[in-house]
Amino acid sequence: MAQRTTTLDPHSGFSRRDFLRGSGPVAAAATLHEQTTAALAQEKGAKVASGTQTITLNVNDKDQQVKVEPRTTLMEALRYQLDLTGCKPVCTDGSSGAATVLEDGKPIQANTRLAMQSVGKKLTTVEGMANDPVPKAFVEADAQQCGFCTPGFVVGVRAFLNSKPKATEEEIRKGLNGNLCRCGTYANVIQAALKVVKGGA
Amino acid sequence: MAVEYSWPAKEKSHAIGTRVKRVDGMAKATGAAKYTYDVNLKDQLIAKGLGCPHAACTIKSIDVPPALKISGVVEAKPLKKSGDKIDFQGDLIVIVAAET
């Protein structure tokens, strides 16, 4: 989705500060909201959704129905309706990487994605990777402590190695920089990823 | 008085010098492990606390009924009463439980 910023002409004698002061934050927010909605509706192929809807998500090779509102995030749909709790709520802005899932093979943060955006996409969560060598390598390298960030790392490693199957240690370090671990298991996570590389998975 | 102690011989120990795998390692690595945060019971309510936005103040009044009118809200309980002093920002004032 395109980022939009509203700029006011500095020579119009109508500054942004005056505008906000005059109309109050609520009115300003409402105006911006209306502008954004209208602009998005004009965009080619854009749809405006409202109310609760039943949508179909393809998760781990299964079509599943979930009831969502436009504001429902993919993570909420996965966790609270499909009980796929491997996707963890740690941050609200995608900075922790704990909510990483694959969408058509690419890593996305399920907590910053709306469920409706993933309709028609092929989603893979950590639960769908039980037969993947990555979780096994994590156990063998002891790449976890409390384990709360681990699913995000497992999906992250899978996604990164899909794009770079022969990655070096340095590349893996860089490739996984979107995942955080408070226990500090990074060293062993790298070792687990290297095990997968060497195993030719 | 010093206590004499020596580690048992390696061949007599079942733990020293061996690699031990985490018993719940696979469950955690595949997302199967359930943390408290992951429990989804039928008809489960979600509770949230409202913290005071001010660092030091006195409560004038708390009006709970409007919160109860919002659909899905089951319970809203004030934890303070009017006249109570707030000593720190984030001190819980009201707790609300609602359907998901």
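Results, tabulated for the structure shown:
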{"read-out": "Segment B:38-62, residues that are open to solvent by 80 Å² or more (accessible area, probe 1.4 Å) and under 30 Å from residue A:80 (Cβ atoms)", "value": "B:41, B:42, B:43, B:48, B:50, B:53"}
{"read-out": "Any strands (runs of 3 or more DSSP E) falling wholly within segment A:85-201 and containing at least 3 residues that are away from chain B (no Cβ under 11 Å) and open to solvent by 30 Å² or more (accessible area, probe 1.4 Å)", "value": "A:106-109"}
{"read-out": "Residue B:71 vs. criteria farther than 30 Å from residue A:86 by Cβ, loosely packed, with under 13 Cβ neighbours inside 10 Å, modelled with pLDDT of 90 or more and within 14 Å of chain A (Cβ to nearest Cβ)", "value": "yes"}
{"read-out": "Pick from segment B:17-63, criterion assigned to a loop (DSSP other than H, G, I, E, B), among the aliphatic types (A, V, I, L, M) and more than 22 Å from residue A:130 (Cα to Cα), ranking: nearest to the other protein chains (Cβ to nearest Cβ)", "value": "B:41"}
{"read-out": "Pairs with Cβ under 8 Å, 6+ apart, first in segment B:41-54 and touching a residue at least 40 places away in the same chain (Cβ under 8 Å) and closer than 17 Å to residue B:89 by Cβ, second among the small types (Gly, Ala, Ser) and part of a loop (DSSP other than H, G, I, E, B)", "value": "B:51/B:90; B:52/B:90"}
{"read-out": "Residue within segment A:64-72 that is under 11 Å from the mean Cα position of the chain (by Cα) and either among the basic types (Lys, Arg) or more than 13 Å from chain B (Cβ to nearest Cβ) (or both) present", "value": "no"}
{"read-out": "Candidate set from segment B:1-37 (those that are open to solvent by 60 Å² or more (accessible area, probe 1.4 Å) and of a type in the set (S, T, N, Q)); member that is nearest to residue B:71 (Cα to Cα)", "value": "B:36"}
{"read-out": "Qualifying residue in segment A:110-129 (condition: of a type in the set (Gly, Ala, Ser), out of contact with any helix residue (DSSP H, G or I) (no Cβ under 7 Å at 6 or more places or on another chain) and under 30 Å from residue A:187 (Cα atoms))", "value": "yes"}
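The values are calculated or read from the model by the stated rules, or taken from the named source; none is laboratory data. Predicted model, so just to flag it, every value in this text is computed and none were measured. So basically every Cβ, Gly included, is an ideal-geometry build from the backbone, and we count neighbours across all protein chains shown. Just so you know, the surface numbers come from the protein's heavy atoms only, side chains and all, with ligands and any DNA or RNA stripped out. Shrake-Rupley method; radii C 1.70, N 1.55, O 1.52, S 1.80 Å.
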